[in-house]
Protein chains: 2
Amino acid sequence: MLSAALRDGTAARRCVFELFARRLPAGRRYGVVAGTGRLLDALARFRFDDDDLRALRGDIDPATIDFLRDFRFTGDIDGYPEGELYFPDSPVLAVRGSFAECVLLETLALSIYNHDSAIASAAARMVSAAGGRTLIEMGSRRTHERSAVAAARAAYLAGFAATSNLEAGRSFGVPTTGTSAHAFTMLYAGPDGPNEPAAFAAQVAALGTDTTLLVDTYDVSTGIANAVAAGGPRLGAIRIDSGDLGVLARQAREQLDALGATGTRIVLSGDLDEYSIAALRAEPVDGYGVGTSVVTGSGSPAAGMVYKLVEVDGLPVTKRSSNKVSHGGAKRAVRLARESGTVTEELLYPAGAPPRVDGPARELMTPLVRDGVVVADPDLAAARRRVADALLTLPWEGLKLSHGEPAIATRIIAPGHNEESWPTHR
Amino acid sequence: MLSAALRDGTAARRCVFELFARRLPAGRRYGVVAGTGRLLDALARFRFDDDDLRALRGDIDPATIDFLRDFRFTGDIDGYPEGELYFPDSPVLAVRGSFAECVLLETLALSIYNHDSAIASAAARMVSAAGGRTLIEMGSRRTHERSAVAAARAAYLAGFAATSNLEAGRSFGVPTTGTSAHAFTMLYAGPDGPNEPAAFAAQVAALGTDTTLLVDTYDVSTGIANAVAAGGPRLGAIRIDSGDLGVLARQAREQLDALGATGTRIVLSGDLDEYSIAALRAEPVDGYGVGTSVVTGSGSPAAGMVYKLVEVDGLPVTKRSSNKVSHGGAKRAVRLARESGTVTEELLYPAGAPPRVDGPARELMTPLVRDGVVVADPDLAAARRRVADALLTLPWEGLKLSHGEPAIATRIIAPGHNEESWPTHR
């Protein structure tokens with residue numbers, strides 16, 4: 001595309017591309033925008049060096065190679081702030097510039113947003129389901145080794161407390177924590193069989209009593225007794241990773257209390273997802289370790305976002321193929337709410353033609369890049385607060401875990417139809 | 001774990017860890033081992049430099065930092081060759097060394113195998129479903145930007161013909177190809193509306209007539225007429241990305257033939273997976289572009305592999321928690337077959353105690369690393385042939401796309417029970 005468009009000059013046409021999801025993953029009621037910080041960071045490094053150009057030489061003509069040698073993005077990007085919620089058709093990102101520079105960003109932007117938003121969207125549901133209890137992301141080993149780092153960031157953004165991925169601590173400042181594995185306890189087995197007390201003693205000797213001992217390698221109630229014997233009544237936490245977690249949590253709480261370890265926390269893990277976390281609401285649990293489900297988006301590993309050309313040289317363009325109607329023209333978005341703050345509708349309107357709205361409304365798109373320079377502060381802590389705040393504005397059914405419709409409807413005002421509007425798309 | 005075990009000396013105990021899947025993803029009948037080449041490559045680079053150690057200083061005690069400074073893996077690894085099939089409990093990898101060095105590899109090995117095997121396993125089903133037609137991996141934008149490169153490799157290993165990910169071409173020698181997007185056609189729209197002929201003419205001018213023109217931006221039959229007008233009857237291919245693909249493919253074939261473009265291929269894309277590919281078997285299709293479903297493992301984005309300690313200082317160790325019985329002791333594996341070559345059973349036996357078997361049988365584990373040195377040739381082309389060959393050995397029901405049991409059962413001979421065996425685990 002780039003090669004052909006450079007050849008005849010159309011590559012210079014001024015374009016607007018928008019990044020959005022046509023729909024939410026099956027039954028989901030909202031999505032969480034994530035990836036903004038990573039995209040802005042990647043944008044600064046998105047260059048083609050001599051090695052890159054040499055590798056491309058077989059695939060791409062010399063004029064395109066020359067273009068890539070000098071490439072840097074010089075356009076503008078607006079977008080929803082990271083951590084904001086999104087709904088079907090929300091223009092999460094709008095990229096303006098020459099066709100050449102906008103089209104080069106397509107795969108980078110989509111990869112980052114599709115991955116990070118899928119994980120943040122799943123993680124936010126788990127955070128809701130946990131009802132204030134601590135969630136630890138422990139899924140590094142269930143996803144690609146580099147995705148794992150981004151996944152830890154996205155989960156933290158959505159409200160997880162910490163990750164076991166130390167690189168996410170280094171790269172993004174995500175708090176890190178960890179527990180031991182069954183292998184550690186089994187390591188202390190000898191010719192006479194298992195020796196859980198020795199393993200627990202070793203862990204306490206190395207990490208102190210404010211550690212988490214994994215008690216289900218052999219027998220949970222013996223494990224709890226061994227744990228309190230090793231760590232004393234001020235032992236930090238125990239972890240149970242298998243069995244009927246609700247029953248075991250109740251029994252563990254009773255046993256810990258009877259042993260005087262009333263402050264020792266109970267952490268559960270083992271193929272947890274938002275549904276099993278919700279099912280444990282009534283049990284005496286202090287925290288959850290979540291692996292596979294969060295790093296793979298709990299059934300929806302890609303957010304389904306697309307990157308579509310909506311405007312060329314100031315004129316709206318649209319595709320007309322079946323089932324995939326795009327809404328041409330650069331758009332902006334405003335989220336309407338009741339006086340109580342509960343949101344009611346996502347209203348998309350042609351950029352430059354803001355509609356009259358009654359009641360509280362919030363503009364959603366903010367400047368991220370101007371003339372190729374990042375102008376937004378990709379602050380992960382702020383994004384994390386934004387998710388928490390935004391979830392409070394959803395109508396109550398928006399937080400239901402069951403499959404359903406998006407929490408609010410999206411209405412799209414077509415270009416030149418400022419009074420009239422397209423049918424509500426829900 | 002490492003810190004505690006270094007402190008009391010148990011970190012030096014000789015251990016065997018095995019990497020395996022307790023079960024296949026829901027309803028799958030086989031898995032494809034992928035990631036071996038990437039793991040062996042990563043192993044050589046798995047060191048901790050001064051920056052790494054500085055970053056870890058807050059989390060880890062000085063003795064452990066010192067250990068990591070000098071770390072390199074010095075043990076042995078055996079495993080199924082890349083591209084081999086696996087079934088529940090197949091010991092895909094066996095890692096032998098000190099506890100310290102083996103436990104450090106856990107997340108690296110699992111991340112690579114869980115990701116790459118999930119994708120290769122899904123991709124192999126698509127290759128079967130395509131019945132010899134060309135498959136192109138086009139999913140980079142639907143997964144993390146680095147996963148995308150590994151995903152392209154895994155899909156190629158499983159029989160895909162090519163990828164649109166140029167970095168996978170550079171890193172792994174995967175053949176690369178691509179088509180244009182709707183944005184390219186829409187770019188040529190002007191004040192008078194769409195101008196598909198101009199877009200097609202530009203693409204043909206840049207890439208010649210052996211290119212693939214995307215014909216469904218506006219109207220498919222007009223698009224095909226425009227495509228043949230631009231590329232002539234020797235146009236390479238057309239691509240259709242939306243609508244009722246089966247109907248459109250038939251109409252397209254008739255129209256192309258009527259225009260004299262009898263050699264112009266028809267490529268379909270648009271949320272294809274193994275099921276929709278199979279449903280198109282009867283239609284005149286030449287190739288498929290597959291995105292989201294292949295890079296996300298078609299519903300199973302992680303292969304569910306675990307990394308478990310099975311032996312310490314020569315003695316088998318096992319966990320005894322509910323529902324997660326592990327089979328202690330280092331194992332080896334042999335795949336039994338009929339004289340026809342059709343496989344019948346996966347037999348796991350204690351290392352060093354090969355069972356008597358009747359009929360054709362193939363040892364599955366091969367040396368990958370000895371004393372820390374890679375001894376296997378991670379040859380992607382060989383792995384690709386291995387997948388194709390192995391699929392031919394499955395009983396016919398093993399290639400069914402419908403949910404079912406593993407194609408063959410796994411039988412595990414427990415240590416010290418060379419005559420007797422554990423119940424068949426299927």
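The values are calculated or read from the model by the stated rules, or taken from the named source; none is laboratory data. The shown structure was predicted, so the numbers you read here are calculated from the model rather than taken from an experiment. Cβ atoms come from the backbone with ideal geometry, glycine included; neighbour counts cover every protein chain shown. Surface areas here come from the heavy atoms of the whole protein model, side chains and all, with no ligands, DNA or RNA. Shrake-Rupley method; radii C 1.70, N 1.55, O 1.52, S 1.80 Å.
Given the structure, is A:Leu214 touching a His at 6+ places or on another chain (Cβ under 9 Å) and more than 9 Å from chain B (Cβ to nearest Cβ)?
yes
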Can you tell me which residue among A:Ala361, A:Ala383 is away from chain B (no Cβ under 14 Å) and in contact with a helix residue (DSSP H, G or I) (Cβ under 8 Å, 6 or more places away or on another chain)?
A:Ala383
Might you let me know whether region B:131-154 holds any residue that is touching an Asp or Glu at 6+ places or on another chain (Cβ under 6 Å) and away from every other protein chain (no Cβ under 14 Å)?
no
Tally the residues that are of a type in the set (Gly, Ala, Ser), closer than 17 Å to B:Val387 by Cβ and buried (at least 24 other Cβ atoms within 10 Å of the Cβ), restricting the search to region B:115-149.
7
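Tell me, which strands (runs of 3 or more DSSP E) wholly within region B:197-291 include 2 or more residues that are small (Gly, Ala, Ser), in contact (Cβ under 8 Å) with a residue 12 or more places away in the chain and buried (at least 16 other Cβ atoms within 10 Å of the Cβ)? Please lay out each step first, then the result.
On the way: elements: B:212-214, B:237-240, B:265-269, B:287-290.
By residue number, B:287-290.
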Of A:Val127, A:Val95, the only residue that is touching a Cys at 6+ places or on another chain (Cβ under 8 Å) and either acidic (Asp, Glu) or more than 11 Å from every other protein chain (Cβ to nearest Cβ) (or both) is A:Val95
Can you tell me which of (1) in contact with a strand residue (DSSP E or B) (Cβ under 8 Å, 6 or more places away or on another chain); (2) modelled with pLDDT of 95 or more; (3) more than 20 Å from A:Phe20 (Cα to Cα) is the one A:Pro355 doesn't meet?
(2)
Could you say whether any residue in region B:359-367 is at pLDDT 95 or above, among the polar types (S, T, N, Q) and touching a strand residue (DSSP E or B) at 6+ places or on another chain (Cβ under 7 Å)?
yes
Please state which of the following conditions B:Val95 fails to meet, knowing it meets all the rest: (1) at pLDDT below 95; (2) open to solvent by less than 10 Å² (accessible area, probe 1.4 Å).
(1)
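So in region B:294-323, with the set limited to residues that are among the charged types (D, E, K, R) and at pLDDT 95 or above, which one is most open to solvent (accessible area, probe 1.4 Å)?
At the first step, the residues of region B:294-323 found to be among the charged types (D, E, K, R) are B:308, B:311, B:313, B:319-320.
With at pLDDT 95 or above added as a condition, the list becomes B:308, B:311, B:313.
Details: B:Lys308: 46, B:Glu311: 40, B:Asp313: 85 Å².
Of everything passing the filter in region B:294-323, B:Asp313 is most open to solvent (accessible area, probe 1.4 Å).
From A:Val387, A:Val375, grab the single residue that is modelled with pLDDT of 95 or more and open to solvent by 70 Å² or more (accessible area, probe 1.4 Å). Spell out how you get there, then give the answer.
Values: A:Val387 fails: open to solvent by 70 Å² or more (accessible area, probe 1.4 Å).
Result: A:Val375 is the single residue among A:Val387, A:Val375 that is modelled with pLDDT of 95 or more and open to solvent by 70 Å² or more (accessible area, probe 1.4 Å).
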Condition check: touching a residue at least 12 places away in the same chain (Cβ under 8 Å), closer than 30 Å to B:Val220 by Cα, assigned by TED's automatic domain parsing to the domain that holds A:Leu401 and of a type in the set (Gly, Ala, Ser). Does A:Gly372 satisfy that?
no
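Looking at B:Ala381, B:Ala351, can you tell me which residue is hydrophobic (A, V, I, L, M, F, W, C), open to solvent by 40 Å² or more (accessible area, probe 1.4 Å) and farther than 21 Å from B:Ser90 by Cβ?
On the way: B:Ala351 fails: farther than 21 Å from B:Ser90 by Cβ.
Residue meeting the stated conditions: B:Ala381.
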Restricting region B:57-92 to residues that are touching a Ser or Thr at 6+ places or on another chain (Cβ under 8 Å) and within 13 Å of another protein chain (Cβ to nearest Cβ), the one most open to solvent (accessible area, probe 1.4 Å) turns out to be B:Asp59
